[in-house]
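Structure, as structure tokens:
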Amino acid sequence: MLCRGQGFHQLVTQSTQSETSGSRWTRDEVLVALNLYCRTPFGRLHARNPEIIRIASALGRTPSALAMKCCNLAAFDPSLQSRGVAGLRKASKIDRLVWEEFAAHPEQVGFESETRVADAMDQPLRQVEHVTWEDVHGLDRQAVTKVRVNQDFFRSLVLTGYNERCAICTLPLKRLLVASHIVPWSVDTSLRMNPQNGICLCSLHDRAFDCGILGINAGYTIEVSKSLERHRATAIVHESLARYEGKEINLPDRWCPDPVLLERHRKLVFV
């Protein structure tokens, strides 16, 4: 089963027409581009995107150059590689270094990328209002801020990959969507910012996944717990849960769920 990547070929075609000259990109600038790549759907990752225009201006770059840098980073995206999509071939050493740093240390690099965007745009850090990842009691202000910022970044990254639709029922209402962890963050904190440990689910299916009523196997097929058996005849249970058994989830454009982590979830949580 391979991930989708709708619009990426067109994105690459548009970006190859962008400028290639100019000063070398700094690590801070590439961090901003990484942040944009994570938060921006493929269909909006182009030089006409108002956000790209604003950020490019703040960096002293052209929108075309910034959009192309995002396409350069796509060359390292494992979900695109799994589909045989190479991305642009002009990725630099600093592009690879930043990508590898993010893969190895997503909490640290994700927070750093948010800081660089805030600095460039002269705006406050984006962060959630309510912390759900951990008990922040006793943490200093800087530590709490980092958790709030990373929680917001992870949510945006996951929802963007799924085009803001539930992976099970395709509900498109953003306010009812959750960036759910496959392996619970409370079980393994090292995975809580791993993009491949995230899946976009609506509130109902997020809860059903968390408590073991629904599972997803390594082949991306939905499983329903036998504990639901006595309720299957109930219309609402069938329509909202049971009818999805045996169906494949809607895969994201990037960062497909890691099959190893899905199997780990089944062993830890699935009833």
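The values are calculated or read from the model by the stated rules, or taken from the named source; none is laboratory data. In this text the structure is predicted, and so the values were computed from the model without any measurement. In this analysis, Cβ positions are derived from the backbone assuming ideal geometry, glycine residues included, and neighbour counts consider all displayed protein chains.
Brief remarks follow.
- Filter result (surrounded by 15 or more Cβ atoms within 10 Å (Cβ to Cβ) and acidic (Asp, Glu)) within region 123-157: 134, 152
- Helices (runs of 4 or more DSSP H) enclosed by region 41-147 - at least 2 residues per element that are without any contact (Cβ under 8 Å) to a residue 60 or more places away in the chain: 50-59, 63-74, 93-104, 106-121
- Considering residues of region 160-175 that are of a type outside the set (Phe, Trp, Tyr) and surrounded by 21 or more Cβ atoms within 10 Å (Cβ to Cβ) only, the residue farthest from the chain's Cα centre (by Cα): 168
- Residue 146 vs. criteria among the charged types (D, E, K, R) and assigned by TED's automatic domain parsing to the domain that holds residue 256: no
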